[in-house]
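Encoded as structure tokens, the structure appears first; notes follow it.
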Amino acid sequence: MDLGVYQLRHFSISFLSSLLGTENASVRLDNSSSGASVVAIDNKIEQAMDLVKSHLMYAVREEVEVLKEQIKELIEKNSQLEQENNLLKTLASPEQLAQFQAQLQTGSPAANTQPQGTTQPPAQAASQGSGPTA
């Protein structure tokens with residue numbers, strides 16, 4: 001048996017032993033090993049790979065379920081925001097829409113403005129505070 005194959009099998013045996021929790025000494029391989037022990041080792045390697053595959057598939061399925069739930073929540077949130085946006089568009093005056101479009105074009109953030117007709121002079125706004133001042 002050539003050295004590369006021997007090293008690969010030795011690595012596979014070590015990996016298999018660590019997965020199955022067995023001692024490396026119980027699965028020995030040398031240049032005079034019989035065909036039966038090679039087949040047995042190949043079978044154990046295949047079992048270990050199947051175990052790794054099943055664990056990976058389980059982890060992937062769990063992650064897919066989490067992502068599906070997040071997608072569902074985001075779709076619901078998007079729908080809600082679209083409805084809110086449409087409602088705001090229908091309730092906004094043409095002046096407000098024009099002001100909003102101008103802000104979008106200049107790239108400036110939307111200021112916290114009050115709707116037209118509800119603005120108060122600064123003196124009145126300060127005197128109508130939410131509570132007594134000390």
Quiz prompt | 14 Å beta-carbon shell around Ile71, net charge (K/R +1, D/E -1) | solution = -2
Quiz prompt | Computed FRET value (nearest 0.05) for Val66 with Val38, which takes r as the C-beta separation and R₀ as 35 Å | solution = 0.25
Self-check item: Val66 - accessible surface, heavy atoms, 1.4 Å probe, Å² rounded to 10
Solution: 70
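The values are calculated or read from the model by the stated rules, or taken from the named source; none is laboratory data. What you are looking at is a predicted structure, and each value in this text was computed from that prediction instead of being measured. So basically every Cβ, Gly included, is an ideal-geometry build from the backbone, and we count neighbours across all protein chains shown. Calculation scope for accessible area: heavy atoms of the full protein, side chains included, ligands and nucleic acids excluded. Shrake-Rupley method; radii C 1.70, N 1.55, O 1.52, S 1.80 Å.
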